[in-house]
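The values are calculated or read from the model by the stated rules, or taken from the named source; none is laboratory data. Note that the coordinates shown come from a computational prediction; the quantities given were computed from them, not determined experimentally. Positions of Cβ are backbone-derived with ideal geometry, glycine not excepted, and every protein chain shown enters the neighbour counts. Remember, those area values only see protein heavy atoms, side chains included, never the ligands or the DNA or RNA. Shrake-Rupley method; radii C 1.70, N 1.55, O 1.52, S 1.80 Å.
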Amino acid sequence: MAGIRIIPVVGGKYKVWTKRIGSGPIKVLLLHGGPGVPHDYLEAMESFLPQARIEMYYYDQLGVGNSDVPDDPALWTLPRYVTEVEEVRQGLGLDHFVLYGHSWGGILAMEYALKYQQNLRGLVISNMTAGTQAYLKRTAALKAQLLSAELLKEFNTLVAAKDYDNPAYIRIVMENLYPQMLCRLKPWPEPVSRAFRHANEKIYNQMQGKSEFEVTGNLKDWERWDRLHEIKVKALTIGSNFDEMDPADMRKMATLMPNAVSAICPNGSHLDMWDDQAVYFQQLLAFLASV
């Protein structure tokens, strides 16, 4: 079936979609971001990993994309998703594999490594810091840096009123912030637009909140700086100078894990696999070759 496998999760109650592309001794399971954004924006991987004899696995987490989309808020928690990743690993028969997590997927990858490290050959944390407070500090700084005084005042007033559906709020985010910190290509690549178009906002709102610049969901107290030293598997942290995650945090994370290195893309943002593609994949492929 063209590499597609449907894996039972939540004890067999639901099913998630996976797709294998390429073949080779190094197997990489991709955890997409969001929460609630499907795998589509990771399609850049197809142009680089299979050619390097790396076997890659897409996977739409429960609630998004090609996977089942149950309407059950009890499912949208970090511990439940960690269990899901292990169910997917078992369903695919992956052992001694590389786990790649981008953004929210990076949170998931760190949590998986802390619980199931024995299954891992390597770990890639892409564009994700190790705690919510560091993320909020960075986005607050970017907001002040990227917006004029007038726009910043308007934006902060809208946020204070929690008026996130206001066209003015959406316009500032989409015209002034996201084109600088999320993806710097104009126009956005089609897989990126497609992924956002198909996002499950219910999951995002419950776990993150209604805004990229506040965390009011159930991830608001997430912090793992004090446990990074427990991740002893070979690891890569990769970020970018214009990312909504501070590149200094990405470097710091690598120093706190005993067997980690960091790489920073000079011209990229949060989706640096697109907007600083040559550097991103040079660094990623070099790491994967080393595991």
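Residue 228 meets all of the listed conditions (1) open to solvent by 60 Å² or more (accessible area, probe 1.4 Å); (2) more than 17 Å from the chain's Cα centre (by Cα); (3) over 18 Å from residue 146 (Cβ atoms) but one, namely (1). Just wondering, is there one or more residues in segment 48-68 that are under 18 Å from residue 207 (Cβ atoms) and among the acidic types (Asp, Glu)? Within segment 48-68, one or more residues are under 18 Å from residue 207 (Cβ atoms) and among the acidic types (Asp, Glu). Taking segment 65-124, which residues are in contact with a Gly (Cβ under 6 Å, 6 or more places away or on another chain), part of a strand (DSSP E or B) and more than 14 Å from residue 36 (Cα to Cα)? The answer is 98, and nothing else.
The condition of being within 30 Å of residue 25 (Cβ to Cβ) and either open to solvent by 20 Å² or more (accessible area, probe 1.4 Å) or over 18 Å from the mean Cα position of the chain (by Cα) (or both) holds for only one of 194, 121, that being 121.
The criterion of at least 2 residues that are within 19 Å of residue 26 (Cβ to Cβ) and of a type in the set (Ser, Thr, Tyr) is met by the following helices (runs of 4 or more DSSP H) wholly inside segment 205-291: 277-290. If the condition is being surrounded by fewer than 21 Cβ atoms within 10 Å (Cβ to Cβ) and among the aliphatic types (A, V, I, L, M), then segment 46-61 contributes only 52. Please work out if residue 142 is under 21 Å from residue 64 (Cβ atoms) and under 23 Å from the mean Cα position of the chain (by Cα). Answer is no for this residue. Select from segment 19-40 the residues that are touching an Asp or Glu at 6+ places or on another chain (Cβ under 8 Å), more than 17 Å from residue 51 (Cα to Cα) and not in a loop (DSSP other than H, G, I, E, B) and list them in ascending order. Correct list: 39 only.
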